[in-house]
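Reading through the structure tokens given below for one structure.
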Amino acid sequence: MKPIDWQITAQDGEARAGILRTRRSVIETPVFMPVGTQGTVKGVRFEWLENELDARIILGNTYHLFLRPGAEIIRNLGGLHKFSSWNRSLLTDSGGFQVFSLADLRKLTEEGVEFRSHVDGDKKFLSPEISMEVQAALGAEILMAFDECPPGDVDLEATRKSLEMTARWAKRSKERFNELQKQRVDTDIARGAADLSGKQALFGIVQGAGHLDLRRTSLEKTVEIGFDGYAIGGLSVGEEKSVMYDVLEFLAPQMPKDAPRYLMGVGTPEDLVEAVSRGVDMFDCVLPTRNGRTGGAFTSGGKLNIRNAKFLTDSEPLDPDCPCSVCSRYSRAYLRHLYQTGEMLAATLISHHNLAFFLDTMRKVRDSIKLGEFKQFRESFIYKLREGEKD
RNA sequence: GCAAGGGUGGUCGAGUGGUUAAUGGCACCGGGCUGUAAACCCGGCGGAGUAAUAUCCUACGUAGGUUCAAAUCCUACCCCUUGCA
């Protein structure tokens, strides 16, 4: 029995539409996965994600859950699904990105990474093996290999070294993962737990920053190990925007056709559409919820900042073209008022709308691919974003 | 009426002779946020002027005064707070 199943159902240019099945949900791709770092999509209740937004898969994070409340606690409470009550699919990030973003608190060796916990300064250690163990305990449907993600502007030699380490870590991730899957199935059968009876899937991560030849090398090494899906890491980490598009254009067509391609940590609505057009199937990004919390709304007419004084008397919804429950009920003036007065509902409502907009955009992307009209969709979508931001 | 304390920029509040258009907080205005150390961070915030400087104007209750120089010292007046009558 395969851990996940993914089939292409339609293709339009490089853009693919497909169906990803895990034992917990059916996920149409291209898909945007809301980020739920600490077992929660910040500010948004699962009820909304399930019912109105219809998110089929969200993320969790190894590093954060490892620190608090700890893998053992979650394992003993029945895994992250049961602990959090999220019964649809989960993808857990390996903690690799934190290795990069918490750079000043870490010590990197071949064996793994020694961190100072950002929570209490305590010394912690994370390695490919530990990441796999934590992710197995969390119980997501899709796990990520433990990688190292260098900043976008490092030189060729440093990038090569980093990618080689990522490849060695990927191999170790896979080996430990395989052992854990064997144990997992054994204990699950012994427990008679039908809902936990499936194996997990593991995705490998391609690094190499903006260097195309290094990207190719990294891809080859990753494919050689063999994974259930392939992720592109290390983009949108400070490099020029065009670098990302160039890497995708170069890399995606060389990636295995029959496995999902996941662009990690991206992006803006425009990025999503552009990446789909280059052959990417899966995305995650903190932007809708992070910006939502800080007053930034994404709309079909571009970005807007609800703090701006011009919205004081604006009775329009955030996005007049958006069917979400926030836009059908609340005005910009009211949302601005909530934000200015420090009401937590502002963060919740704008995050909700942003996710609705992202997920709705992906729905339209999929539909247009199925209809063979993706090119037209992309053009008019980008045009509307730009037009809206002119004033 | 007497006594004491006090009146500073949108607001609260520092500052007691020059380096003060005046610390800081808040409010306000704007920008940023891409595998979440983020309900956060950065910048602006008297007026005019400049691409930015320069420069000019107005300002620490009001009116005078002392001084090369005053939010800061002196005088008078107005107002506020507290206490005593």
Quick one: which residue in A:Phe203, A:Phe177, A:Phe227 is surrounded by 19 or more Cβ atoms within 10 Å (Cβ to Cβ), modelled with pLDDT of 95 or more, assigned to a helix (DSSP H, G or I) and within 16 Å of RNA strand B (Cβ to nearest atom)? A:Phe177
Do we have A:Glu274 as more than 15 Å from A:Phe357 (Cβ to Cβ) and among the acidic types (Asp, Glu) here? yes
Failed condition for A:Phe83, given (1) within 14 Å of RNA strand B (Cβ to nearest atom); (2) in contact with a Gly (Cβ under 9 Å, 6 or more places away or on another chain): (1)
Conditions first: (1) within 16 Å of RNA strand B (Cβ to nearest atom); (2) more than 28 Å from A:Val134 (Cβ to Cβ); (3) not acidic (Asp, Glu). A:Gln7 passes all but one, so which condition is the exception? (1)
All conditions in (1) at pLDDT 95 or above; (2) within 11 Å of RNA strand B (Cβ to nearest atom); (3) over 14 Å from the mean Cα position of the chain (by Cα) are true of A:Leu67 except (1)
Qualifying position, being buried (at least 19 other Cβ atoms within 10 Å of the Cβ) and closer than 22 Å to A:Glu220 by Cα, among A:Trp86, A:Trp169: A:Trp169
Segment A:265-283: number of residues that are near RNA strand B (Cβ under 8 Å from one of its atoms), under 12 Å from the mean Cα position of the chain (by Cα) and assigned to a helix (DSSP H, G or I): 0
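Any residue at all in segment A:258-276 that's closer than 28 Å to A:Gly18 by Cβ, touching a Lys or Arg at 6+ places or on another chain (Cβ under 7 Å) and surrounded by 24 or more Cβ atoms within 10 Å (Cβ to Cβ)? Step through it out loud before you land on a result.
Quick first cut of segment A:258-276, residues closer than 28 Å to A:Gly18 by Cβ only: A:258-276.
Now restrict to residues that are touching a Lys or Arg at 6+ places or on another chain (Cβ under 7 Å): A:273.
Subsequent filtering for residues that are surrounded by 24 or more Cβ atoms within 10 Å (Cβ to Cβ) retains A:273.
Yes; the residues of segment A:258-276 include at least one that is closer than 28 Å to A:Gly18 by Cβ, touching a Lys or Arg at 6+ places or on another chain (Cβ under 7 Å) and surrounded by 24 or more Cβ atoms within 10 Å (Cβ to Cβ).
The values are calculated or read from the model by the stated rules, or taken from the named source; none is laboratory data. All of these numbers come straight from a predicted model, not from anything done at the bench. Counting neighbours? That spans all protein chains shown, and the Cβs are built from the backbone with ideal geometry, glycine included.
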